[in-house]
1. Failed condition for residue 179, given (1) touching a helix residue (DSSP H, G or I) at 6+ places or on another chain (Cβ under 7 Å); (2) assigned to a helix (DSSP H, G or I), with all others met?
2. Working carefully through the options 146, 195, find the one that is in contact with a helix residue (DSSP H, G or I) (Cβ under 6 Å, 6 or more places away or on another chain) and outside any helix (DSSP H, G or I).
3. Every residue in region 150-162 that is farther than 16 Å from residue 189 by Cα and assigned to a helix (DSSP H, G or I), please.
4. In region 151-175, which residues are closer than 22 Å to residue 47 by Cβ and crowded, with 21+ Cβ neighbours inside 10 Å?
5. Working only within region 182-192, note down all residues that are surrounded by 15 or more Cβ atoms within 10 Å (Cβ to Cβ) and assigned to a loop (DSSP other than H, G, I, E, B).
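Any read-out appearing in this document is the output of simple, stated calculations on the displayed coordinates, not a laboratory observation. Remember, predicted model here, so these are calculated numbers, not experimental data. All Cβ positions, glycine included, derive from the backbone under ideal geometry; neighbour counts span all protein chains shown.
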């Protein structure tokens, strides 16, 4: 399912061909695909640089119809809801597995309110201590994901990744100078919060 208003960016090879809403970028991607079928064409979501797989072999009208019809209707959302599970779904509680060592479980078992409340308090305290860490980590992950997908387009990917995660902005930028211009500019844009103080 596609979100037609999702903000994204398309690359044909190493050339940025479009940025904007998916419904518009998909049409540019389709034109580039038809003009150069052998050239790699990639569409990335702007928020996290996730690769968006578009069926570019479809005719343009069918591709646009597929994207436009993917916007969920109220009935579609209700029908797609998962079956009720244990927990407190109205509060957004999602049951997942957590793996800890025995001493961690022992500590959690004696905390007031139980393990879940203790973990929530610890997470909230960590998030409040430095909220920029979440943004920094998200920017690092998005930038890494983007560059990893295009790692055959430029040299020293490993060094670039190390500079990114070490917070070495100057080194990161200087290593990217040998990469194609559009790829470099997009990577620097994705990394905006990765080096925030």
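1. If we test residue 179 against (1) touching a helix residue (DSSP H, G or I) at 6+ places or on another chain (Cβ under 7 Å); (2) assigned to a helix (DSSP H, G or I), just (2) comes out false.
2. On the way: 146 fails: outside any helix (DSSP H, G or I).
Exactly one of 146, 195 is in contact with a helix residue (DSSP H, G or I) (Cβ under 6 Å, 6 or more places away or on another chain) and outside any helix (DSSP H, G or I), namely 195.
3. Restricting attention to region 150-162, the residues satisfying the condition of being farther than 16 Å from residue 189 by Cα are 151-159, 162.
Result: 151, 152, 153, 157, 158, 159, 162.
4. Correct list: 160, 164, 172.
5. 191
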